[in-house]
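Notes follow once the structure below has been shown.
The values are calculated or read from the model by the stated rules, or taken from the named source; none is laboratory data. Predicted model only: the values in this text are computed from it and were never measured. Here the Cβ positions follow ideal geometry from the backbone for every residue, glycine too, while neighbour counts run over all protein chains shown.
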Amino acid sequence: MDIRLIDYQSTTAAGINIDALAKSIDSQQSGLRKNDLFGCDIDTWIGRVAAVDEIDLGEWQSRNNALAALGLKQGSITENLARLKDKYSPARVGIVIGSSTASIDRSEEGYRNLDENGHLAPRFQQPLVHNPHSPSLFVAHHSGITGPAMTINTACSSSAKVFATGARWLAQGIVDAVLVGGVDTLCLSVMYGFNSLQLISDTACRPFDQSRNGINLGEAAGYAILMRAEDAILDTGVVLRGYGESSDAHHMSHPHPEGLGARLAIQQALNMAKLSAQDIDYINLHGTASQANDLIEGKLIGSMFPKSTQVSSTKAWVGHTLGAAGITESLIAVDALRRNRVPGSLNLTTLDEQLDLSIQSDNLAKPLNYVMSNSFGFGGNNCCLVFAKAGDKL
Amino acid sequence: MSDIGFQILGVGAWGPNFQNWPELSAILNGEKLAAHEIKGPKPEVIPANERRRAPLPVRLAVESSWQAVNDAGLDPAELPCVFVSGIGDTQLTDYMCTVLATDNKALSPTKFHNSVHNAAAGYWTISTGCTQAANSVAGFQESVSLAMMEALIQCQAEQRPLLITFYDAPSSEVLCGLLKNDVSFAASIVIAPRGYSETRLDFSARVKQHQLKQAENHWPELDVQKMLQSCYAKNPSAKILSLLKLLASVEPRSSGVIELPLSQQTSLQITVAQSA
């Protein structure tokens with residue numbers, strides 16, 4: 001099955017669209033800032049998308065939906081969706097969005113504004129917003145797509161898994177194009193939740209660094225339009241070559257100590273892509289900057305891949321965008337593939353002394369043919385994706 | 001698209017007046033069973049110390065999953081799984097939003113990690129040692145049809161059995177005006193590609209496109225007793241009863257068809273026939 005990315009866009013703290021993000025990466029300019037999220041006094045840094053504050057969607061309003069709408073406005077995504085709806089029919093286009101927060105930001109706000117009887121005030125009476133499917137319901141409404149729309153909520157692997165699902169839908173022929181995406185927003189639930197797990201850093205995060213001390217949370221919207229190669233109306237030259245999905249079977253919030261599930265997902269993705277580890281030119285690591293993730297993931301990658309494979313975490317540009325991290329980082333890897341530029345691991349000064357990886361803070365110009373993106377989530381949920389340049393030999 | 005042929009190898013169920021598939025099956029065939037007093041199941045497969053911390057939606061999902069896998073006679077460690085809940089864990093949403101609306105916003109770390117939508121998939125894979133792909137999806141009122149479609153496509157692509165679990169617990173007080181569910185319901189089915197083993201019934205599924213947009217999606221009428229009727233109307237996951245009724249039917253019949261709404265212009269049509 002030859003699945004093409006015909007268009008893609010990303011909205012993060014480091015860029016309102018994919019071109020702005022590429023500029024931030026090229027100039028090593030982070031989008032992180034001291035925490036200034038409304039109502040949150042945790043001493044940390046965050047990746048906030050300020051332009052979301054200006055948007056009001058009325059009956060569909062939530063910060064998450066506002067970010068979803070802002071993301072859809074970028075580049076040519078909306079224009080290409082219109083072409084596809086026209087060429088096929090709105091019912092032959094599907095939607096698969098990954099999210100961990102969905103619109104819980106709006107539920108939080110509703111609870112802060114309960115009436116004297118403890119009921120939600122009228123403006124918060126939004127059944128289509130206060131549920132875990134809200135991102136896809138909103139994107140369907142906003143885009144006019146009337147084909148199947150499903151939300152994947154597997155914590156931090158959510159919007160990596162959308163590529164696997166989208167590819168299967170296309171292979172089965174239930175749709176002619178799929179808008180896959182990921183949308184997650186900063187909210188008190190994740191800020192105080194990760195704080196309760198003592199995972200939050202009081203500085204800008206330093207993935208894989210010896211002195212790293214935790215994560216920075218961020219928010220993002222990312223989209224890609226997938227099509228079967230024979231139908232593709234546009235050519236970005238990028239193919240989804242393989243995916244792997246697995247479970248750790250270990251712990252709800254701690255990764256397997258030897259990275260068992262991560263290894264299975266990576267191996268599965270390589271098998272599907274008919275590639276071996278040495279073929280992979282660049283891996284965008286999950287690299288949250290937590291003690292556990294970076295040590296376990298770093299050791300695993302060091303044991304599976306040769307030194308010719310460059311690796312980095314790009315979370316010091318945008319923060320950990322949770323349910324949107326899978327697609328955000330996949331698109332960074334895809335953009336790297338197209339531009340033959342490996343993003344560095346920003347904020348890395350001294351590599352964790354237990355690790356041996358081809359990783360550095362500087363960006364690197366290098367011809368790339370195959371790139372990989374790792375995403376691991378709570379519940380031990382793992383997903384690994386492999387992208388290739390079209391026309392490579394199988 | 002081509003039709004997807006499939007089999008059902010095992011079923012699990014837990015609800016207001018049944019605690020397993022034989023009991024639900026009897027109700028679907030007209031027997032009257034009274035409501036039981038048990039608030040939620042206590043699935044033995046979850047280790048005792050973990051079970052105490054497992055929220056109700058997780059216990060519903062794991063109990064019915066365990067029943068279905070045993071009914072199918074398959075090893076849960078080898079089965080990929082798709083879990084779906086229409087409204088999620090609103091008791092935990094309520095807990096977090098209530099705490100976060102106060103000055104002291106400290107959250108319980110256990111409650112926070114239990115609040116992820118894939119908590120059920122997490123507890124299930126941890127309890128059974130399953131390292132296979134585990135999905136956790138949401139489709140609000142169309143949760144059953146979307147998860148069914150997703151699982152069928154994955155089963156077809158991989159040509160091996162797969163577990164699907166549908167579960168929803170009652171809404172929290174603040175959200176119940178919007179998400180009107182007031183009953184606990186879970187059901188699980190283990191599906192396999194056509195020809196996997198000998199079964200009494202043979203199923204096929206297809207996604208249909210419709211010319212006109214539906215203003216509101218309509219689920220099939222279900223002729224069952226009152227308590228189950230109310231569950232079917234209010235609990236997003238109980239929409240699977242339309243398929244389970246076909247499966248439970250004791251009358252020899254040549255075929256049956258149901259059409260489940262997927263989106264404004266698509267539906268999932270499932271046909272059942274006696275195996276040849």
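Please verify whether A:Asn64 is modelled with pLDDT of 95 or more and under 25 Å from the mean Cα position of the chain (by Cα), treating the condition exactly as stated.
Yes: the conditions hold for A:Asn64.
Aliphatic (A, V, I, L, M), crowded, with 22+ Cβ neighbours inside 10 Å, at pLDDT 95 or above and more than 20 Å from B:Ser184 (Cα to Cα): does that describe B:Ala72?
yes
Which numbered condition trips up A:Ala316, out of (1) part of a helix (DSSP H, G or I); (2) within 14 Å of another protein chain (Cβ to nearest Cβ); (3) not basic (Lys, Arg)?
The one condition A:Ala316 does not meet is (2).
Examine segment B:30-44 for a residue that is assigned to a helix (DSSP H, G or I), surrounded by fewer than 24 Cβ atoms within 10 Å (Cβ to Cβ) and either at pLDDT 95 or above or at the interface with chain A (Cβ under 9 Å from one of its Cβ atoms) (or both), and state whether such a residue exists.
no
Yes or no: B:Ala54 part of a loop (DSSP other than H, G, I, E, B), more than 30 Å from B:Arg200 (Cα to Cα), free of Cβ contacts under 8 Å to residues at least 12 places away in the same chain and not polar (S, T, N, Q)? Write out each step before concluding.
Working: part of a loop (DSSP other than H, G, I, E, B): yes; more than 30 Å from B:Arg200 (Cα to Cα): yes; free of Cβ contacts under 8 Å to residues at least 12 places away in the same chain: no; not polar (S, T, N, Q): yes.
Judged against the criteria, B:Ala54 is not a match.
Going by the structure shown, is B:Ser145 more than 7 Å from chain A (Cβ to nearest Cβ), at pLDDT 95 or above and over 16 Å from the mean Cα position of the chain (by Cα)?
Against the criterion (more than 7 Å from chain A (Cβ to nearest Cβ), at pLDDT 95 or above and over 16 Å from the mean Cα position of the chain (by Cα)), B:Ser145 does not qualify.
Name every residue in segment B:190-232 that is assigned to a loop (DSSP other than H, G, I, E, B), more than 20 Å from B:Phe18 (Cβ to Cβ) and in contact (Cβ under 8 Å) with a residue 60 or more places away in the chain, in order of residue number.
So the first thing to find is which residues in segment B:190-232 are assigned to a loop (DSSP other than H, G, I, E, B), and the list is B:194-200, B:210-225.
From what's left, more than 20 Å from B:Phe18 (Cβ to Cβ): B:194-200, B:210-221.
Listed by number, the residues that qualify are B:Arg194, B:Gly195, B:Tyr196, B:Ser197, B:Glu198, B:Thr199, B:Arg200, B:Asn217.
Picking from B:Thr165, B:Thr110, B:Thr102, B:Thr125, which residue would you name as being facing chain A (nearest Cβ under 10 Å) and either under 27 Å from B:Tyr196 (Cβ atoms) or buried (at least 24 other Cβ atoms within 10 Å of the Cβ) (or both)? Explain how you work it out, then say what you get.
Details: B:Thr165 fails: facing chain A (nearest Cβ under 10 Å); B:Thr110 fails: either under 27 Å from B:Tyr196 (Cβ atoms) or buried (at least 24 other Cβ atoms within 10 Å of the Cβ) (or both); B:Thr102 fails: either under 27 Å from B:Tyr196 (Cβ atoms) or buried (at least 24 other Cβ atoms within 10 Å of the Cβ) (or both).
Within the list B:Thr165, B:Thr110, B:Thr102, B:Thr125, the selection yields B:Thr125.
So B:Ile27 clears everything in (1) away from chain A (no Cβ under 14 Å); (2) part of a helix (DSSP H, G or I); (3) surrounded by fewer than 17 Cβ atoms within 10 Å (Cβ to Cβ) except one condition, right? Which one?
Going through (1) away from chain A (no Cβ under 14 Å); (2) part of a helix (DSSP H, G or I); (3) surrounded by fewer than 17 Cβ atoms within 10 Å (Cβ to Cβ) one by one, B:Ile27 breaks only (3).
Just the residues that are at pLDDT 95 or above and of a type in the set (Gly, Ala, Ser), please, taken from segment B:1-25.
B:Gly5, B:Gly10, B:Gly12, B:Ala13, B:Gly15, B:Ser25
Report, by residue number, each residue of segment A:141-160 that is within 7 Å of chain B (Cβ to nearest Cβ) and part of a helix (DSSP H, G or I).
Within segment A:141-160, just A:Ala155 meets the criteria.
If you go through segment A:93-124 one residue at a time, how many are at the interface with chain B (Cβ under 7 Å from one of its Cβ atoms) and assigned to a helix (DSSP H, G or I)?
Residues in segment A:93-124 being at the interface with chain B (Cβ under 7 Å from one of its Cβ atoms) and assigned to a helix (DSSP H, G or I): 5 in total.
Could we say that B:Asp89 is at pLDDT 95 or above, buried (at least 24 other Cβ atoms within 10 Å of the Cβ), under 17 Å from the mean Cα position of the chain (by Cα) and within 25 Å of B:Asn20 (Cβ to Cβ) here?
So B:Asp89 fits the description; yes.
Could you list all residues from segment A:208-265 that are over 30 Å from A:Gly173 (Cβ atoms) and small (Gly, Ala, Ser)? Reasoning before the result, please.
Just the residues of segment A:208-265 that are over 30 Å from A:Gly173 (Cβ atoms), to begin with: A:208-220, A:248-263.
Listed by number, the residues that qualify are A:Ser211, A:Gly214, A:Gly218, A:Ala220, A:Ala249, A:Ser253, A:Gly259, A:Gly261, A:Ala262.
More than 8 Å from chain A (Cβ to nearest Cβ) and within 21 Å of B:Ser197 (Cβ to Cβ): does that describe B:Ala68?
Answer is yes for this residue.
Answer with yes or no whether B:Ser172 is surrounded by fewer than 24 Cβ atoms within 10 Å (Cβ to Cβ) and either part of a loop (DSSP other than H, G, I, E, B) or β-branched (Val, Ile, Thr) (or both).
yes
To keep it simple, each residue is scored yes or no on (1) buried (at least 24 other Cβ atoms within 10 Å of the Cβ); (2) hydrophobic (A, V, I, L, M, F, W, C); (3) touching a helix residue (DSSP H, G or I) at 6+ places or on another chain (Cβ under 9 Å).
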{"residue": "A:Gly98", "(1), (2), (3)": "yes, no, yes"}
{"residue": "A:Ser103", "(1), (2), (3)": "yes, no, yes"}
{"residue": "A:His119", "(1), (2), (3)": "no, no, no"}
{"residue": "A:Pro122", "(1), (2), (3)": "no, no, no"}
{"residue": "A:Leu128", "(1), (2), (3)": "no, yes, yes"}
{"residue": "A:Gly144", "(1), (2), (3)": "no, no, yes"}
{"residue": "A:Cys156", "(1), (2), (3)": "yes, yes, yes"}
{"residue": "A:Ser159", "(1), (2), (3)": "yes, no, yes"}
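In segment A:171-189, how many are at the interface with chain B (Cβ under 10 Å from one of its Cβ atoms) and touching a Leu at 6+ places or on another chain (Cβ under 9 Å)?
4
Just to be sure I understand, how many residues within segment A:171-189 are under 24 Å from A:Leu72 (Cα atoms) and either within 21 Å of the chain's Cα centre (by Cα) or aromatic (Phe, Trp, Tyr) (or both)?
So the count comes out to 11.
Can you name every one of the strands (runs of 3 or more DSSP E) wholly within segment A:197-305 that holds 3 or more residues which are crowded, with 24+ Cβ neighbours inside 10 Å, at pLDDT 95 or above and touching a helix residue (DSSP H, G or I) at 6+ places or on another chain (Cβ under 6 Å)?
Result: A:220-228, A:238-247.
For B:Gly139, are the conditions met, namely being within 16 Å of A:Glu245 (Cβ to Cβ), of a type outside the set (A, V, I, L, M, F, W, C) and either more than 7 Å from chain A (Cβ to nearest Cβ) or crowded, with 24+ Cβ neighbours inside 10 Å (or both)?
Numbers: within 16 Å of A:Glu245 (Cβ to Cβ): no; of a type outside the set (A, V, I, L, M, F, W, C): yes; either more than 7 Å from chain A (Cβ to nearest Cβ) or crowded, with 24+ Cβ neighbours inside 10 Å (or both): yes.
Considered against the rule, which asks whether it is within 16 Å of A:Glu245 (Cβ to Cβ), of a type outside the set (A, V, I, L, M, F, W, C) and either more than 7 Å from chain A (Cβ to nearest Cβ) or crowded, with 24+ Cβ neighbours inside 10 Å (or both), B:Gly139 comes out as no.
Across segment B:79-97, what is the number of residues that are within 12 Å of another protein chain (Cβ to nearest Cβ) and either part of a helix (DSSP H, G or I) or farther than 26 Å from A:Leu128 by Cα (or both)?
The first filter runs over segment B:79-97 and keeps only residues within 12 Å of another protein chain (Cβ to nearest Cβ), leaving B:79-90, B:92-97.
If we keep only those that are either part of a helix (DSSP H, G or I) or farther than 26 Å from A:Leu128 by Cα (or both) too, we end up with B:79-81, B:90, B:92-97.
Matching residues across segment B:79-97 total 10.
Given the conditions (1) closer than 27 Å to A:Trp317 by Cα; (2) more than 9 Å from chain B (Cβ to nearest Cβ); (3) within 17 Å of the chain's Cα centre (by Cα), report the number of the one that A:Gly166 does not fulfil.
(1)
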